[in-house]
1. Could we say that His253 is more than 18 Å from Trp77 (Cα to Cα), in a strand (DSSP E or B), touching a Lys or Arg at 6+ places or on another chain (Cβ under 9 Å) and away from ligand 1 (no atom under 16 Å from the Cβ) here?
2. With the requirement that a residue be among the charged types (D, E, K, R), within 16 Å of ligand 2 (Cβ to nearest atom) and surrounded by fewer than 24 Cβ atoms within 10 Å (Cβ to Cβ), what does the stretch 400-434 give you?
3. Of all residues being in contact with a Leu (Cβ under 9 Å, 6 or more places away or on another chain) and more than 24 Å from Glu208 (Cβ to Cβ) in the stretch 144-166, which is surrounded by the most Cβ atoms within 10 Å (Cβ to Cβ)? Just the residue, please.
4. Looking only at residues in the stretch 265-292 that are among the aliphatic types (A, V, I, L, M) and in contact with a helix residue (DSSP H, G or I) (Cβ under 9 Å, 6 or more places away or on another chain), which one is nearest to ligand 1 (Cβ to nearest atom)?
5. Across the stretch 371-384, what is the number of residues that are buried (at least 24 other Cβ atoms within 10 Å of the Cβ) and within 15 Å of ligand 2 (Cβ to nearest atom)?
6. Applying the selection to the stretch 383-399, what residues are in a loop (DSSP other than H, G, I, E, B) and of a type outside the set (Lys, Arg)?
7. For the stretch 171-219, which residues satisfy the criterion of being within 16 Å of ligand 1 (Cβ to nearest atom), among the aliphatic types (A, V, I, L, M) and assigned to a loop (DSSP other than H, G, I, E, B)?
8. Within the stretch 69-90, can one find any residue that is at pLDDT below 50 and away from ligand 1 (no atom under 16 Å from the Cβ)?
Amino acid sequence: MRFEPSACATDEPANTTPVTEENESFTENFPTDGENKNVEEQYADYSGAQVFSVKLKSSEHKRMFQQLEDRELIDVWLHKRSKKRSRAEFMVLRENMQEVLSLFYEADIQPKIVIPNMQRLIEKEKKAETLTNSTLRSGHGMNWNEYHRYSTIHSFLLHYANAYPDICTLKTIGKTVENRDIQMLKISSGGNENKTAIFIDGGMHAREWITPAAVTYIIKELVDNRAKYRSFVDDVDFHIVPLVNVDGYEYSHTRDRLWRKNRADLWGPCNGVDLNRNFGYKWGTSGSSFIGCSQIYRGSAGFSEPESKAIRDYIMESTANFQAYLSFHSYGQLILYPYGYANNELPSDADDLKRLGNAAASAVRKLSKTRYTVGNSAEVLYRSSGASDDWAKGEAGIKYSYVIELSDTGKYGFMLPERLIKPTAADALEIVKVVADEVMGLYEKKGLTMILEAKLNASKILEDDFRLVERRPRSESRGVASHWRPPPLSPGRSHPLVWPPGSCVVMRLA
Ligand code: ARG
Ligand code: ZN
């Protein structure tokens with residue numbers, strides 16, 4: 001059955017909003033901070049370390065790989081599953097090289113070298129940074145030709161808050177373990193309190209340097225070119241935390257390029273909690289570790305860490321109408337939706353998340369030819385509990401919650417060259433644009449109502465026959481009551497009532 005758009009005459013304004021739509025682990029064999037806990041001068045040395053890629057075709061292969069991971073002989077950078085075989089990328093340190101390679105040899109698996117010389121790559125990156133550092137930069141000192149330290153990101157945010165006080169507000173939402181500020185920049189053109197909002201974060205994992213770079217680029221573009229993005233910047237508020245894990249990020253610049261966790265001082269030999277295993281929704285259920293030295297150490301309790309707590313408190317205390325939560329990570333080129341804590345745990349509106357994810361992926365492909373894979377995070381990667389996207393969906397009730405793994409797919413991994421910052425950030429902005437376009441004008445929240453309209457040409461109506469007219473607070477939608485005929489539709493079921501052809505109805509779904 002089909003219906004004409006806006007065919008029904010209502011006393012409601014026919015506002016037409018269309019209804020559209022790493023599993024990583026690591027080890028203390030690695031030069032993190034185990035033996036150097038008090039030797040602050042040392043920079044982790046990855047001489048002799050290499051990154052490999054393998055295809056795991058059988059369950060024996062997968063089991064063998066899992067054992068290497070459990071024995072902390074490899075640091076898994078990316079583990080992507082598909083129907084039959086999975087592909088994994090991992091780093092091996094010099095001291096484990098022989099053992100690891102012979103175990104692969106025995107299992108008849110041939111790892112391919114992706115990064116032959118980890119240390120050289122790290123040094124090359126450092127050189128590039130100092131070279132351009134000498135060039136004079138404008139006002140805030142930020143650019144997207146190189147990776148920047150926290151202080152530059154901080155002055156960039158300050159600059160925007162000072163230069164555009166009418167639309168930008170800077171707020172410290174918490175302090176890190178080492179007492180640094182966690183900052184949030186809100187971009188808002190004002191307007192009513194029910195306005196749709198999007199929460200964006202980056203830099204939750206320290207070594208994923210492209211993510212604070214991409215998120216600051218998003219800020220710059222939304223503000224500098226707000227005339228161009230007017231269609232949604234006017235209708236959507238953005239709450240943006242470009243760098244969640246400030247301590248870890250600084251540590252990855254000064255001590256260990258491949259640091260992932262925060263800088264919590266633990267009792268044992270190792271430091272750091274994986275912030276993306278520390279969120280308190282289904283915390284500690286699977287795909288996280290209770291061992292302090294693990295790269296996926298979940299902490300002593302959900303929200304034991306000030307960084308994850310800051311995000312929780314900000315979102316929960318905010319009166320904003322958050323309709324999307326985008327957490328930027330790297331790498332893999334993936335758009336992932338909840339839940340990740342278990343297999344086959346999909347939210348009831350998973351189809352919506354998938355549809356919007358696909359729309360974002362095709363927009364990116366059109367823009368730059370970059371291919372993003374869209375899917376449920378437990379399915380595409382592996383299970384991992386305590387991640388922020390699961391919490392945003394399951395606890396905070398934010399409809400469109402995603403983890404976005406930016407470029408690349410493994411050539412450079414976390415060591416994405418600086419010349420790829422801008423193109424990658426442009427892809428990220430494209431994703432934000434598609435999501436913003438979808439959620440603008442969505443007012444659905446607890447206590448709100450959806451107004452649906454349908455022109456009926458047959459005696460039996462299906463849910464698909466309805467077009468969303470508007471979502472608004474229940475208190476404001478009394479006028480609709482007179483049009484309201486049948487009892488609320490039960491989701492996914494065809495409506496049993498019989499209607500004369502050509503009838504016009506407006507329904508409310510509670
Ligand atoms: N690479 C991310 C991580 O390891 C993936 C998180 C996916 N989301 C999830 N809920 N498991 O933290
Ligand atoms: Zn990450």
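The values are calculated or read from the model by the stated rules, or taken from the named source; none is laboratory data. The structure presented is a predicted model; accordingly, all values stated were derived computationally and were not measured. Cβ sites come from the backbone with ideal geometry, for glycine too, and all protein chains shown count toward neighbours.
1. Values: more than 18 Å from Trp77 (Cα to Cα): yes; in a strand (DSSP E or B): no; touching a Lys or Arg at 6+ places or on another chain (Cβ under 9 Å): yes; away from ligand 1 (no atom under 16 Å from the Cβ): yes.
So His253 fails the test.
2. Pass one, the stretch 400-434, residues among the charged types (D, E, K, R): 405, 408, 411, 418-419, 422, 427, 430, 433.
Going one step further and asking which of them are within 16 Å of ligand 2 (Cβ to nearest atom), we end up with 405, 408.
If the condition is that a residue be among the charged types (D, E, K, R), within 16 Å of ligand 2 (Cβ to nearest atom) and surrounded by fewer than 24 Cβ atoms within 10 Å (Cβ to Cβ), then Asp408 is the only one that fits.
3. Out of the qualifying residues, it is Ala161.
4. Initial filter on the stretch 265-292 (among the aliphatic types (A, V, I, L, M)): 266, 273, 275, 291.
Checking the rest, the ones that are also in contact with a helix residue (DSSP H, G or I) (Cβ under 9 Å, 6 or more places away or on another chain) come to 273, 275.
Working: Val273: 12, Leu275: 9 Å.
The selected residue is Leu275.
5. 3
6. Narrowing the stretch 383-399 to residues in a loop (DSSP other than H, G, I, E, B): 383-387, 395-399.
Matches in the stretch 383-399: Ser384, Ser385, Gly386, Ala387, Glu395, Ala396, Gly397, Ile398.
7. Met204, Ala206
8. As a first pass, look at the stretch 69-90 and keep what is at pLDDT below 50: none.
No, because not a single residue in the stretch 69-90 is at pLDDT below 50 and away from ligand 1 (no atom under 16 Å from the Cβ).
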